[in-house]
Ligand SMILES: NC(=O)c1ccc[n+]([C@@H]2O[C@H](COP(=O)([O-])OP(=O)(O)OC[C@H]3O[C@@H](n4cnc5c(N)ncnc54)[C@H](OP(=O)(O)O)[C@@H]3O)[C@@H](O)[C@H]2O)c1
């Protein structure tokens, strides 16, 4: 989609997964405000196209839409091929898309848990591997992985999700050190938001529902802005909000099994069966 560019500072092209909603949509605004062109990735093409039209009109940037289901093992190769065919270089990769299920692991749909790992872990790793090559060759780039405060602790009733985020955090910290050591010029960061006001907290097809009060939720806009600015500043681990930083420090100090028991009791109290059948929960 063409753009008659007015501004001179053009930092390059950013690719955002899960671009169509929640924090991902706000990442797109934060990057477009900084004059990045965008590659927007999610499953529902019409949402991405509407966002592309809005971003182009508001920020005078160029947007490309690639619809893909990241639980599909072919998706990452196809996204990479489409980017190359359009002659683009990715300068800023935001691995944001993820899914979550609440409830007892043995009651949740097994395929849905495997798809969660495919999106939250496998696709994230594969996208980073593919796009990091070009960044290292050009000696410049930023990769922002969206983890969670859930990455720091074992969370009963969300156990596969929390474990997937622990992977994202560990992978990011280690990769950041590798890139620093070889002076590649590529910045790797992990963003760890707490409760954020998006549909992820209220999705009716993700097993049990957690009714998190609105007063405890950050806005998606503030989380995205904190993530992009801190990544551009070179921070490796980003936990937005003083309260989240303090609660993570306290939970880290407690024995892991004890912390899990505390959170498990709390989540079992908070989680209620959703209208969708939790036994066969599988998101569309
Ligand atoms: N919300 C929170 O409280 C919270 C807290 C901590 C961390 N996070 C993390 O923040 C990130 C964004 O979460 P969010 O709350 O903004 O989520 P969200 O509102 O549910 O949005 C998820 C985005 O991912 C896309 N998506 C979902 N499944 C996909 C798939 N299989 N393939 C490709 N795209 C897919 C969705 O679009 P389509 O449906 O069109 O595919 C949508 O654009 C995630 O990594 C999440 O774990 C969220």
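Read-outs: derived from the displayed coordinates by stated rules, not from any lab. Quick caveat: nothing in here was measured; it's all calculated off a predicted structure. Positions of Cβ are generated from backbone atoms using ideal geometry, with glycine treated the same way; all protein chains shown enter the neighbour counts.
Placing R0 at 22 angstrom, the Cβ-Cβ distance between residue 58 and residue 10 gives a FRET efficiency of 0.85 after rounding to 0.05. Protection proxy ranking, highest mean first, for peptides 185-194, 155-164: 185-194, 155-164, where packing is the per-residue count of other beta-carbon atoms within 10 Å, averaged. For segment 131-169, backbone nitrogen atoms closer than 16 Å to the point 7 Å from residue 268 Cα along Cα-to-C-beta are found at 155-159.
Can you give the % of DSSP beta bridges in segment 13-280 that are antiparallel, to the nearest 5? Around 5 percent antiparallel, to the nearest 5.
Here the spin labels are modelled as points 7 Å beyond Cα on the Cα-Cβ line, and at residue 138 and residue 242 they lie 3.9 nm apart.
Compute the FRET efficiency between residue 46 and residue 258 as 1/(1 + (r/R0)^6), taking r as their Cβ-Cβ distance and R0 = 35 Å, and round to the nearest 0.05. Don't skip to the end; give the middle numbers.
Numbers: r = 47 Å, r/R0 = 1.35.
Computed FRET efficiency for residue 46 and residue 258: 0.15.
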